[in-house]
Amino acid sequence: MQSVADFVRLPLAEYRALRATTGISYDDKFKSWNVFRYADAARILNDPATFSSAARSVKLPSIVGMDGARHRKLRSLVQQAFTPRMVEQLAPRIDAVAGELLESGRRKQRFDVIQDFAYPLPIRIIAEMLGIPMEDLSTFRRWSETLVAGPRTDAIRGQSFAEERERTLAELEEYFAQQLKRRRAQAGSDLISLLLAAEVDGDRLREIELAEFCRLLLIAGYETTACQIGTGALVLHALPHVAGRLRVDPAMMPSACEEIVRCFPSVAASVRVATSDVELCGQKISAGESLTLWTGSANYDETVFVDSETFDATRSPNRHLGFGVGPHFCLGAPLARLELRIALSRLLEAFPHLERGDDARVEAMDSPFLLGVKSFVVRTDRS
(Lines give C-alpha, C1' and ligand atoms only; values in the text may rest on other atoms or scores of the structure.)
Protein backbone atom coordinates (compact mmCIF):
# COMPACT_ATOMS: atom_id res chain seq x y z
CA MET A 1 0.00 0.00 0.00
CA GLN A 2 1.23 3.48 -0.83
CA SER A 3 2.10 5.71 2.10
CA VAL A 4 0.44 9.07 2.60
CA ALA A 5 3.82 10.73 1.93
CA ASP A 6 3.80 9.05 -1.50
CA PHE A 7 0.26 10.23 -2.19
CA VAL A 8 1.07 13.88 -1.48
CA ARG A 9 4.61 13.74 -2.96
CA LEU A 10 6.41 14.53 0.31
CA PRO A 11 10.11 13.67 -0.33
CA LEU A 12 11.05 12.39 3.12
CA ALA A 13 14.32 10.71 2.09
CA GLU A 14 15.51 13.85 0.31
CA TYR A 15 14.64 16.04 3.27
CA ARG A 16 16.36 13.63 5.65
CA ALA A 17 19.58 13.80 3.64
CA LEU A 18 19.49 17.60 3.46
CA ARG A 19 18.95 17.95 7.21
CA ALA A 20 21.89 15.61 7.83
CA THR A 21 24.27 17.54 5.56
CA THR A 22 24.02 21.27 4.84
CA GLY A 23 20.51 21.97 6.21
CA ILE A 24 20.21 24.66 3.55
CA SER A 25 20.49 24.92 -0.23
CA TYR A 26 20.11 27.60 -2.87
CA ASP A 27 17.55 27.27 -5.66
CA ASP A 28 18.87 29.04 -8.76
CA LYS A 29 15.55 28.74 -10.58
CA PHE A 30 13.46 30.48 -7.92
CA LYS A 31 16.29 32.57 -6.46
CA SER A 32 15.64 31.46 -2.90
CA TRP A 33 17.44 29.73 -0.04
CA ASN A 34 15.70 26.50 0.99
CA VAL A 35 15.73 25.83 4.76
CA PHE A 36 15.13 22.29 6.05
CA ARG A 37 15.90 22.07 9.79
CA TYR A 38 13.43 22.77 12.58
CA ALA A 39 15.66 25.07 14.64
CA ASP A 40 16.51 27.25 11.64
CA ALA A 41 12.87 27.49 10.53
CA ALA A 42 11.74 28.37 14.06
CA ARG A 43 14.48 30.98 14.37
CA ILE A 44 13.38 32.66 11.15
CA LEU A 45 9.67 32.60 12.01
CA ASN A 46 10.34 34.09 15.44
CA ASP A 47 12.51 36.95 14.13
CA PRO A 48 10.46 39.17 11.78
CA ALA A 49 12.94 42.03 12.22
CA THR A 50 15.66 40.02 10.45
CA PHE A 51 13.46 37.75 8.33
CA SER A 52 10.53 39.80 7.09
CA SER A 53 7.12 38.95 5.67
CA ALA A 54 6.52 42.56 4.64
CA ALA A 55 9.63 42.76 2.44
CA ARG A 56 8.23 40.35 -0.15
CA SER A 57 7.37 41.83 -3.52
CA VAL A 58 4.50 39.42 -4.15
CA LYS A 59 1.09 40.94 -3.45
CA LEU A 60 -0.25 39.10 -0.43
CA PRO A 61 -3.49 39.36 1.54
CA SER A 62 -3.29 41.86 4.39
CA ILE A 63 -1.57 40.57 7.53
CA VAL A 64 0.21 37.71 5.73
CA GLY A 65 2.52 40.23 4.07
CA MET A 66 2.95 42.55 7.04
CA ASP A 67 5.12 42.85 10.17
CA GLY A 68 5.37 45.14 13.19
CA ALA A 69 2.81 47.25 15.00
CA ARG A 70 0.27 47.42 12.16
CA HIS A 71 0.35 43.63 11.86
CA ARG A 72 -0.30 43.23 15.59
CA LYS A 73 -3.24 45.65 15.43
CA LEU A 74 -4.86 43.88 12.49
CA ARG A 75 -4.47 40.48 14.16
CA SER A 76 -6.10 41.76 17.32
CA LEU A 77 -9.10 42.98 15.29
CA VAL A 78 -10.00 39.51 14.08
CA GLN A 79 -8.44 37.29 16.74
CA GLN A 80 -11.46 37.70 19.00
CA ALA A 81 -13.53 35.67 16.53
CA PHE A 82 -11.03 32.80 16.54
CA THR A 83 -10.34 32.26 20.23
CA PRO A 84 -10.75 28.61 21.34
CA ARG A 85 -13.85 29.58 23.36
CA MET A 86 -15.52 31.38 20.45
CA VAL A 87 -14.62 28.65 17.98
CA GLU A 88 -15.92 25.86 20.23
CA GLN A 89 -19.38 27.42 19.94
CA LEU A 90 -19.28 26.48 16.24
CA ALA A 91 -18.95 22.77 17.06
CA PRO A 92 -22.67 21.90 16.76
CA ARG A 93 -22.91 23.61 13.37
CA ILE A 94 -19.72 21.95 12.06
CA ASP A 95 -21.02 18.59 13.27
CA ALA A 96 -24.39 19.15 11.58
CA VAL A 97 -22.84 20.11 8.23
CA ALA A 98 -20.41 17.17 8.39
CA GLY A 99 -23.27 14.78 9.11
CA GLU A 100 -25.34 16.19 6.25
CA LEU A 101 -22.48 15.85 3.75
CA LEU A 102 -21.64 12.30 4.84
CA GLU A 103 -25.26 11.17 4.78
CA SER A 104 -25.48 12.44 1.22
CA GLY A 105 -22.21 10.67 0.42
CA ARG A 106 -23.40 7.32 1.74
CA ARG A 107 -26.25 7.40 -0.79
CA LYS A 108 -23.89 7.92 -3.73
CA GLN A 109 -22.35 5.23 -5.87
CA ARG A 110 -19.16 7.28 -6.00
CA PHE A 111 -18.17 9.29 -2.92
CA ASP A 112 -15.08 11.49 -3.22
CA VAL A 113 -13.88 12.37 0.28
CA ILE A 114 -12.02 15.41 -1.04
CA GLN A 115 -14.55 16.98 -3.41
CA ASP A 116 -17.73 15.86 -1.60
CA PHE A 117 -16.61 16.37 1.99
CA ALA A 118 -13.18 17.87 2.73
CA TYR A 119 -13.83 21.02 0.66
CA PRO A 120 -17.57 21.64 1.18
CA LEU A 121 -17.35 21.41 4.99
CA PRO A 122 -14.86 24.22 5.80
CA ILE A 123 -15.97 26.50 2.97
CA ARG A 124 -19.56 26.39 4.21
CA ILE A 125 -18.48 27.17 7.76
CA ILE A 126 -16.22 30.11 6.89
CA ALA A 127 -18.80 31.44 4.40
CA GLU A 128 -21.48 31.39 7.11
CA MET A 129 -19.10 33.21 9.47
CA LEU A 130 -18.52 35.89 6.84
CA GLY A 131 -22.16 36.06 5.78
CA ILE A 132 -21.39 34.96 2.20
CA PRO A 133 -24.36 33.56 0.21
CA MET A 134 -24.17 29.80 -0.35
CA GLU A 135 -24.86 30.24 -4.07
CA ASP A 136 -21.51 32.04 -4.43
CA LEU A 137 -19.39 29.17 -3.09
CA SER A 138 -18.74 27.44 -6.43
CA THR A 139 -17.32 30.72 -7.75
CA PHE A 140 -15.04 30.96 -4.72
CA ARG A 141 -13.81 27.43 -5.33
CA ARG A 142 -12.79 28.47 -8.86
CA TRP A 143 -11.10 31.64 -7.63
CA SER A 144 -9.27 29.76 -4.88
CA GLU A 145 -7.99 27.03 -7.20
CA THR A 146 -6.40 29.74 -9.33
CA LEU A 147 -4.80 31.61 -6.43
CA VAL A 148 -3.26 28.63 -4.60
CA ALA A 149 -1.29 27.68 -7.71
CA GLY A 150 2.12 29.29 -7.33
CA PRO A 151 5.15 30.38 -9.35
CA ARG A 152 6.09 26.84 -10.34
CA THR A 153 2.74 26.47 -12.05
CA ASP A 154 3.17 29.95 -13.55
CA ALA A 155 6.47 28.82 -15.05
CA ILE A 156 4.72 25.90 -16.73
CA ARG A 157 1.59 27.66 -17.94
CA GLY A 158 3.22 30.91 -18.92
CA GLN A 159 2.06 34.49 -18.93
CA SER A 160 -1.58 33.66 -19.64
CA PHE A 161 -1.92 31.99 -16.25
CA ALA A 162 -0.31 34.97 -14.50
CA GLU A 163 -2.90 37.15 -16.19
CA GLU A 164 -5.65 34.80 -15.01
CA ARG A 165 -4.42 35.23 -11.43
CA GLU A 166 -4.55 39.01 -11.78
CA ARG A 167 -8.11 38.81 -13.12
CA THR A 168 -9.09 36.59 -10.20
CA LEU A 169 -7.64 39.03 -7.68
CA ALA A 170 -9.53 41.88 -9.33
CA GLU A 171 -12.80 39.89 -9.28
CA LEU A 172 -12.35 39.06 -5.61
CA GLU A 173 -11.59 42.69 -4.78
CA GLU A 174 -14.72 43.85 -6.56
CA TYR A 175 -16.84 41.14 -4.94
CA PHE A 176 -15.81 42.07 -1.42
CA ALA A 177 -16.16 45.77 -2.17
CA GLN A 178 -19.83 45.06 -2.91
CA GLN A 179 -20.17 42.91 0.24
CA LEU A 180 -18.67 45.72 2.35
CA LYS A 181 -21.03 48.25 0.75
CA ARG A 182 -24.04 46.10 1.68
CA ARG A 183 -22.85 45.69 5.30
CA ARG A 184 -22.36 49.43 5.66
CA ALA A 185 -25.96 49.92 4.55
CA GLN A 186 -27.26 47.13 6.80
CA ALA A 187 -24.87 45.57 9.32
CA GLY A 188 -25.45 42.05 10.58
CA SER A 189 -23.84 39.70 13.11
CA ASP A 190 -21.41 38.23 10.58
CA LEU A 191 -17.63 38.61 10.67
CA ILE A 192 -17.54 41.21 7.87
CA SER A 193 -19.90 43.46 9.84
CA LEU A 194 -17.83 42.98 12.97
CA LEU A 195 -14.63 43.90 11.10
CA LEU A 196 -16.29 47.07 9.79
CA ALA A 197 -17.18 48.15 13.32
CA ALA A 198 -14.05 46.98 15.14
CA GLU A 199 -11.44 49.38 16.46
CA VAL A 200 -8.01 48.98 18.04
CA ASP A 201 -6.68 52.09 19.76
CA GLY A 202 -9.25 54.09 17.80
CA ASP A 203 -7.95 52.71 14.51
CA ARG A 204 -10.21 51.00 11.97
CA LEU A 205 -9.30 48.91 8.95
CA ARG A 206 -8.82 50.78 5.69
CA GLU A 207 -10.99 49.81 2.72
CA ILE A 208 -8.27 47.84 0.93
CA GLU A 209 -7.32 46.10 4.17
CA LEU A 210 -10.93 45.08 4.77
CA ALA A 211 -11.25 43.58 1.28
CA GLU A 212 -7.93 41.76 1.52
CA PHE A 213 -8.75 40.51 5.03
CA CYS A 214 -12.02 39.04 3.76
CA ARG A 215 -10.21 37.39 0.88
CA LEU A 216 -7.66 35.89 3.26
CA LEU A 217 -10.29 34.61 5.67
CA LEU A 218 -12.38 33.03 2.94
CA ILE A 219 -9.58 31.31 1.01
CA ALA A 220 -7.08 30.55 3.78
CA GLY A 221 -9.99 29.77 6.08
CA TYR A 222 -11.05 26.76 4.06
CA GLU A 223 -8.43 25.73 1.48
CA THR A 224 -5.79 24.72 4.03
CA THR A 225 -8.32 22.96 6.26
CA ALA A 226 -9.74 21.06 3.28
CA CYS A 227 -6.23 19.81 2.48
CA GLN A 228 -5.76 18.74 6.10
CA ILE A 229 -9.05 16.85 6.22
CA GLY A 230 -8.12 15.11 2.97
CA THR A 231 -4.71 13.97 4.20
CA GLY A 232 -6.30 12.96 7.51
CA ALA A 233 -8.69 10.69 5.60
CA LEU A 234 -5.73 9.20 3.74
CA VAL A 235 -4.00 8.49 7.07
CA LEU A 236 -7.06 6.58 8.27
CA HIS A 237 -7.06 4.64 4.98
CA ALA A 238 -3.32 3.93 4.80
CA LEU A 239 -2.90 3.20 8.54
CA PRO A 240 -5.88 1.00 9.50
CA HIS A 241 -4.34 0.28 12.93
CA VAL A 242 -4.60 4.01 13.68
CA ALA A 243 -8.21 4.11 12.52
CA GLY A 244 -8.91 1.05 14.69
CA ARG A 245 -7.43 2.66 17.80
CA LEU A 246 -9.46 5.82 17.20
CA ARG A 247 -12.69 3.82 16.96
CA VAL A 248 -11.93 2.15 20.29
CA ASP A 249 -10.67 5.35 21.95
CA PRO A 250 -12.25 8.48 20.38
CA ALA A 251 -10.60 10.63 23.07
CA MET A 252 -7.32 10.08 21.21
CA MET A 253 -8.60 12.03 18.17
CA PRO A 254 -7.20 15.49 19.15
CA SER A 255 -3.72 14.02 19.59
CA ALA A 256 -4.01 12.10 16.32
CA CYS A 257 -5.04 15.30 14.53
CA GLU A 258 -1.93 17.09 15.81
CA GLU A 259 0.18 14.25 14.42
CA ILE A 260 -1.60 14.53 11.07
CA VAL A 261 -0.75 18.24 10.98
CA ARG A 262 2.86 17.48 11.91
CA CYS A 263 3.38 14.73 9.35
CA PHE A 264 1.37 16.28 6.52
CA PRO A 265 1.08 20.06 7.06
CA SER A 266 -1.28 21.61 4.54
CA VAL A 267 1.01 24.64 4.15
CA ALA A 268 4.12 23.09 2.62
CA ALA A 269 6.37 26.13 2.89
CA SER A 270 6.67 29.69 4.19
CA VAL A 271 8.66 32.50 2.61
CA ARG A 272 10.62 35.28 4.28
CA VAL A 273 13.11 37.91 3.09
CA ALA A 274 16.33 38.83 4.91
CA THR A 275 16.36 42.50 5.93
CA SER A 276 20.11 42.52 6.58
CA ASP A 277 23.13 40.31 5.97
CA VAL A 278 22.93 37.26 8.24
CA GLU A 279 24.57 33.83 8.59
CA LEU A 280 22.51 30.65 8.57
CA CYS A 281 23.88 27.09 8.52
CA GLY A 282 27.31 28.48 7.71
CA GLN A 283 26.00 30.36 4.68
CA LYS A 284 25.93 34.12 4.25
CA ILE A 285 22.42 35.30 3.44
CA SER A 286 22.48 38.79 1.92
CA ALA A 287 19.92 41.46 2.65
CA GLY A 288 17.03 41.19 0.20
CA GLU A 289 17.46 37.46 -0.43
CA SER A 290 14.47 35.15 -0.10
CA LEU A 291 14.26 32.11 2.17
CA THR A 292 11.77 29.25 1.76
CA LEU A 293 11.15 27.31 4.98
CA TRP A 294 10.05 23.74 4.23
CA THR A 295 7.62 22.81 6.99
CA GLY A 296 7.37 19.25 5.70
CA SER A 297 11.06 18.81 6.45
CA ALA A 298 11.23 20.75 9.73
CA ASN A 299 8.37 18.69 11.16
CA TYR A 300 10.42 15.52 10.67
CA ASP A 301 13.60 16.85 12.26
CA GLU A 302 15.13 14.00 14.28
CA THR A 303 16.59 16.40 16.84
CA VAL A 304 13.08 17.45 17.88
CA PHE A 305 10.82 14.47 17.16
CA VAL A 306 11.68 10.92 18.32
CA ASP A 307 11.13 8.37 15.53
CA SER A 308 10.16 11.32 13.39
CA GLU A 309 9.05 9.28 10.37
CA THR A 310 6.74 7.10 12.45
CA PHE A 311 3.13 8.26 12.77
CA ASP A 312 2.43 8.33 16.51
CA ALA A 313 -1.17 9.24 17.31
CA THR A 314 -0.28 9.75 20.97
CA ARG A 315 2.87 11.87 20.43
CA SER A 316 3.43 14.32 23.27
CA PRO A 317 4.77 16.92 23.28
CA ASN A 318 4.16 17.71 19.62
CA ARG A 319 5.73 21.10 18.87
CA HIS A 320 5.20 20.94 15.11
CA LEU A 321 5.29 23.96 12.82
CA GLY A 322 2.14 23.00 10.93
CA PHE A 323 0.42 26.21 12.04
CA GLY A 324 3.64 28.20 12.12
CA VAL A 325 5.14 29.84 15.18
CA GLY A 326 5.82 33.39 16.34
CA PRO A 327 3.92 36.55 15.33
CA HIS A 328 2.44 34.92 12.21
CA PHE A 329 1.10 31.83 14.01
CA CYS A 330 -2.08 30.80 12.18
CA LEU A 331 -5.06 32.82 13.37
CA GLY A 332 -7.45 30.08 12.31
CA ALA A 333 -5.64 27.24 14.11
CA PRO A 334 -8.43 26.72 16.71
CA LEU A 335 -11.05 26.50 13.95
CA ALA A 336 -8.90 24.23 11.78
CA ARG A 337 -8.26 21.87 14.71
CA LEU A 338 -11.97 21.70 15.55
CA GLU A 339 -13.04 21.08 11.96
CA LEU A 340 -10.38 18.40 11.47
CA ARG A 341 -11.35 16.62 14.69
CA ILE A 342 -15.07 16.62 13.93
CA ALA A 343 -14.61 15.76 10.25
CA LEU A 344 -12.44 12.70 10.88
CA SER A 345 -14.58 11.48 13.78
CA ARG A 346 -17.70 11.69 11.64
CA LEU A 347 -15.92 10.11 8.68
CA LEU A 348 -14.93 7.09 10.76
CA GLU A 349 -18.54 6.68 11.90
CA ALA A 350 -19.96 6.90 8.37
CA PHE A 351 -17.27 4.83 6.64
CA PRO A 352 -15.73 2.40 9.15
CA HIS A 353 -13.74 0.58 6.47
CA LEU A 354 -12.73 3.61 4.37
CA GLU A 355 -11.65 1.46 1.42
CA ARG A 356 -10.49 3.11 -1.77
CA GLY A 357 -12.80 2.59 -4.72
CA ASP A 358 -11.80 0.20 -7.48
CA ASP A 359 -9.51 1.91 -10.01
CA ALA A 360 -9.66 5.13 -7.98
CA ARG A 361 -6.48 7.20 -8.34
CA VAL A 362 -5.10 9.48 -5.66
CA GLU A 363 -3.34 12.43 -7.30
CA ALA A 364 -1.32 15.09 -5.49
CA MET A 365 -2.37 18.74 -5.71
CA ASP A 366 -0.67 20.92 -8.31
CA SER A 367 0.52 23.60 -5.89
CA PRO A 368 3.95 24.45 -4.47
CA PHE A 369 2.33 26.00 -1.39
CA LEU A 370 -0.21 23.37 -0.34
CA LEU A 371 0.16 19.69 0.54
CA GLY A 372 -2.86 17.61 -0.33
CA VAL A 373 -4.64 15.52 -2.95
CA LYS A 374 -7.23 16.30 -5.59
CA SER A 375 -9.40 13.23 -5.14
CA PHE A 376 -9.89 10.23 -2.84
CA VAL A 377 -12.85 8.04 -3.84
CA VAL A 378 -14.05 5.47 -1.28
CA ARG A 379 -16.40 2.51 -1.62
CA THR A 380 -19.88 3.21 -0.31
CA ASP A 381 -20.87 -0.48 -0.44
CA ARG A 382 -18.44 -1.24 2.42
CA SER A 383 -19.72 1.40 4.84
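The values are calculated or read from the model by the stated rules, or taken from the named source; none is laboratory data. Source: prediction; values computed, not measured. FYI the Cβ positions are ideal-geometry reconstructions off the backbone, even for glycines, and counts take in every protein chain you see. When the accessible area is computed, the model is the full protein with side chains, heavy atoms only, and any ligands, DNA or RNA have been set aside. Shrake-Rupley method; radii C 1.70, N 1.55, O 1.52, S 1.80 Å.
Summary of computed values
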{"read-out": "Close pairs (8 angstrom Cβ cut-off, 6 or more residues apart or separate chains): part of a helix (DSSP H, G or I) in the range 217-234, at pLDDT below 75 anywhere", "value": "Leu217/Val78; Ile219/Pro61; Ile219/Val148; Ala220/Pro61; Ala220/Val64; Glu223/Val148"}
{"read-out": "Selection status of Pro265, in a helix (DSSP H, G or I) and of a type outside the set (Asp, Glu)", "value": "no"}
{"read-out": "Failed condition for Asp67, given (1) in contact with a strand residue (DSSP E or B) (Cβ under 8 Å, 6 or more places away or on another chain); (2) modelled with pLDDT of 85 or more; (3) charged (D, E, K, R)", "value": "(2)"}
{"read-out": "Number of the condition not met by Leu12 [criteria: (1) open to solvent by less than 20 Å² (accessible area, probe 1.4 Å); (2) under 24 Å from the mean Cα position of the chain (by Cα); (3) not basic (Lys, Arg)]", "value": "(1)"}
{"read-out": "Top-ranked residue in the range 196-226 [being acidic (Asp, Glu) and surrounded by 21 or more Cβ atoms within 10 Å (Cβ to Cβ); ranked as nearest to Arg72 (Cα to Cα)]", "value": "Glu212"}
{"read-out": "The range 300-332, residues that are crowded, with 17+ Cβ neighbours inside 10 Å and not in a loop (DSSP other than H, G, I, E, B)", "value": "Pro327, His328"}
{"read-out": "Qualifying positions in the range 26-46 - open to solvent by 30 Å² or more (accessible area, probe 1.4 Å) and closer than 19 Å to Glu302 by Cα", "value": "Arg37, Tyr38, Ala39, Arg43"}
{"read-out": "Positions within the range 165-211 being in contact (Cβ under 8 Å) with a residue 40 or more places away in the chain, in a loop (DSSP other than H, G, I, E, B) and of a type in the set (A, V, I, L, M), in sequence order", "value": "Ala198, Leu205"}
{"read-out": "Val362, sole failed condition from (1) farther than 30 Å from Lys73 by Cβ; (2) in contact with a helix residue (DSSP H, G or I) (Cβ under 9 Å, 6 or more places away or on another chain); (3) loosely packed, with under 14 Cβ neighbours inside 10 Å", "value": "(3)"}
{"read-out": "Exclusive hit being within 25 Å of Ala220 (Cβ to Cβ) and hydroxyl-bearing (Ser, Thr, Tyr), set Ser286, Ser308, Ser297", "value": "Ser297"}
{"read-out": "When residues of the range 120-137 are limited to those that are more than 17 Å from the chain's Cα centre (by Cα) and over 15 Å from Arg215 (Cα atoms), the one least open to solvent (accessible area, probe 1.4 Å)", "value": "Met134"}
{"read-out": "Whichever residue in the range 172-185 is of a type outside the set (Lys, Arg) and under 22 Å from Ile125 (Cα atoms) and, among such residues, is surrounded by the fewest Cβ atoms within 10 Å (Cβ to Cβ)", "value": "Gln178"}
{"read-out": "Sole residue being assigned to a loop (DSSP other than H, G, I, E, B), hydroxyl-bearing (Ser, Thr, Tyr) and in contact (Cβ under 8 Å) with a residue 40 or more places away in the chain, chosen from Ser276, Ser255", "value": "Ser276"}
{"read-out": "Residues of the range 310-326 classified as in contact with a Ser or Thr (Cβ under 6 Å, 6 or more places away or on another chain) and farther than 19 Å from Pro250 by Cα, total", "value": "1"}
{"read-out": "Extreme residue, farthest from Ser255 (Cα to Cα), among residues of the range 337-359 that are in contact with a helix residue (DSSP H, G or I) (Cβ under 6 Å, 6 or more places away or on another chain) and either open to solvent by 20 Å² or more (accessible area, probe 1.4 Å) or without any contact (Cβ under 8 Å) to a residue 60 or more places away in the chain (or both)", "value": "Glu355"}
{"read-out": "Ala233 small (Gly, Ala, Ser), at pLDDT 95 or above, over 30 Å from Arg183 (Cβ atoms) and crowded, with 17+ Cβ neighbours inside 10 Å", "value": "yes"}
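Quick grid of which residues meet (1) polar (S, T, N, Q); (2) in contact with a strand residue (DSSP E or B) (Cβ under 6 Å, 6 or more places away or on another chain):
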site: Ala226; (1), (2): no, no
site: Gly230; (1), (2): no, yes
site: Ala233; (1), (2): no, no
site: Gly244; (1), (2): no, no
site: Met252; (1), (2): no, no
site: Ile260; (1), (2): no, no
site: Ser270; (1), (2): yes, yes
